[in-house]
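In what follows, a single structure is set out as structure tokens and then discussed.
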Amino acid sequence: MAEMLYEGKAKKVFATDNPNEVVIYYKDDATAFNGLKKGTIIDKGIMNNTITTFFFDLLAKNGIPHHQLKKLSDREVLCKKVSIIPLEVIVRNIAAGSLAKKMGIEEGLPLKKPIIEFCYKNDELGDPMVNDDYAEAFGIATDAQVTEIKSMALKINDILKKFLADRKVRLIDFKLEFGVDADGRVILADEITPDTVRLWDAGTNEKLDKDRFRRDLGNVEEAYQEVIRRLTK
Ligand code: 5GP
């Protein structure tokens, strides 16, 4: 049995014989509101492994370096081992979720320009919002890394927004994580799935993401399947 290095809310990370590589295993566990709400989305692990692999392949073709090396099975993917930069990098195109709440507006307002937000990745603190100065002052990331992260996040936004628009899906907002690889390069890590991205049908604004679980809207599994259908059409 390979040694488990880490277990998160949605994934487990296992060591391999190569010190620079790990296996990530996608679980069906679903949590929301910093772990307060817990449940299962049937076969989420399988669907999210498929969706992340699809998006990461698309991004690699468009020049974005990432940690995935090879999908190994339904739930497992071989990845470069990285040191995760403890920032949740959120990109927003349309006001929704915590932004709509904060600004006292209805969800759905298109923003005049994309917003990038940083949250310090710390469950005990509830992932507080921080900025570039915090990142450098607390040694979370260097100035150069923050600049690189922002540039990659905006490029990823452009690539995904266009790709999804062609498939009649609106890219509302999403969360990225970056890591530093063995060569010291900042690369995209973690996942891009309906757990971490808000996707609305372009015609009806129907939610095709984890808000269906967070808000008890029903048809959660169907929404994830619909995302796969649109991506692979
Ligand atoms: P909000 O700040 O509106 O709750 O989230 C903005 C976007 O980032 C959403 O697409 C949401 O899915 C994603 N996001 C923010 N924080 C987290 C987190 O802790 N876990 C996950 N899975 N997604 C997050």
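Quick note: the coordinates plus some simple rules give every number you see, no bench work behind them. Values in this document were obtained by computation on a predicted structure and should not be read as measured data. No Cβ is skipped: glycine too gets one built from the backbone with ideal geometry, and neighbour counts run over all protein chains shown.
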Filter pass, Asp74 being loosely packed, with under 15 Cβ neighbours inside 10 Å, outside any loop (DSSP other than H, G, I, E, B) and of a type in the set (D, E, K, R)
no
Within the stretch 176-188, count every residue that is within 16 Å of the ligand (Cβ to nearest atom) and either over 18 Å from Phe55 (Cα atoms) or aliphatic (A, V, I, L, M) (or both).
2
Given the structure, is Ile90 closer than 30 Å to Arg230 by Cβ, surrounded by fewer than 16 Cβ atoms within 10 Å (Cβ to Cβ), touching a residue at least 24 places away in the same chain (Cβ under 8 Å) and within 16 Å of the ligand (Cβ to nearest atom)?
no
Quick check: is even one residue across the stretch 45-56 aliphatic (A, V, I, L, M) and free of Cβ contacts under 8 Å to residues at least 24 places away in the same chain?
no
Being among the small types (Gly, Ala, Ser) and touching a Gly at 6+ places or on another chain (Cβ under 8 Å) is the filter here; which residues of the stretch 166-203 pass it?
Ala189
Among the residues of the stretch 1-46, count how many are more than 14 Å from the ligand (Cβ to nearest atom), under 15 Å from Leu72 (Cα atoms) and in contact with a helix residue (DSSP H, G or I) (Cβ under 9 Å, 6 or more places away or on another chain).
2
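Residue-by-condition table, conditions (1) without any contact (Cβ under 8 Å) to a residue 60 or more places away in the chain; (2) touching a Phe, Trp or Tyr at 6+ places or on another chain (Cβ under 7 Å):
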| residue | (1), (2) |
| --- | --- |
| Asp133 | yes, no |
| Asp143 | yes, no |
| Val146 | yes, no |
| Leu154 | no, no |
| Asp190 | no, no |
| Val197 | yes, yes |
| Glu222 | yes, no |
More than 14 Å from the ligand (Cβ to nearest atom) and in contact with a helix residue (DSSP H, G or I) (Cβ under 8 Å, 6 or more places away or on another chain), is that true of Glu191?
no
Looking at Ala30, Ala100, which one is in contact with an Asp or Glu (Cβ under 9 Å, 6 or more places away or on another chain), among the hydrophobic types (A, V, I, L, M, F, W, C) and in a helix (DSSP H, G or I)?
Ala100
